[in-house]
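This report refers to the structure that appears directly beneath it.
Read the figures in this text as sums done on the coordinates, not as results from a lab. Everything quoted here is computed from the prediction, not taken from an experiment. A quick note on method: Cβ atoms are made from the backbone with ideal geometry, for glycine too, and the neighbour counts reach across all protein chains shown.
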Amino acid sequence: MAGCDQEFCETIARGPGPRCTTGSRCPFHERYGDGSANAGYFVQDLVKYDQVTGNLQKKSANASVIFGCGISPSGNLVKIGTSGILGFGQSSKSMISQLASAKLVRKVFAHCLDSKNGGGIFAIGDVAQPRVKTTPLLPNQYAHQASSCETINLGHRFKLKPKIFLSTHKLQPKIFLPTQPYSQDGPRHWR
């Protein structure tokens, strides 16, 4: 458990406060855009990961990170059976921010999709291969990462207005696509 007297709790988690006194556990409460929420305590644990050293080589590494351990989920978190949400937002309490501030990785991450077989890899730090295509993140999205989508291409380019991809859900830990791409030529292309 992370304690209220730890620097993380005092600065990042905005404690100690009324519910956080020296010697007690550091509480957390997160509310998401769909109205879901989770409360619990911050815990500290060792995260093990493979670090790319260059030329397709890697070595094992580990780091201590602090993250929220939810004990009181509500809303959609209960309905869909979410066990946890790994934070990669832009706030300083996210896992990627903690690793970057410890100078273990750059504050960059990527989900590289395999276009042939599905799946792919999730990379933290640098992804510097010449064939990697990137999508810039929208600026000023303090608590979450967001990028704009302009079109969907599935055999042919769908004629969609980019604004239909804009989410009105702030702090949403899920990915939602609007219904229009599914209904436009849907039966023929989405099977």
Checklist entry - Label-point separation (nm) for Arg106 and Thr21, each offset 7 Å from Cα along Cα-to-Cβ? => result 4.7 nm
Item to check | Too-long pairs where the Cα-Cα distance tops 23 Å, listed order kept, from Lys48/Lys93; Lys58/Lys103; Lys59/Lys103; Lys58/Lys93; Lys59/Lys116 | outcome: Lys58/Lys93; Lys59/Lys116
Checklist entry - For the pair Val47 and His29, how long in nm is the line joining their label points, each one 7 Å along Cα→Cβ? => result 2.6 nm
Next on the checklist: Around Asp50, under 11 Å between beta carbons, what's the net of Lys plus Arg minus Asp minus Glu among the other residues?
Outcome noted: +3
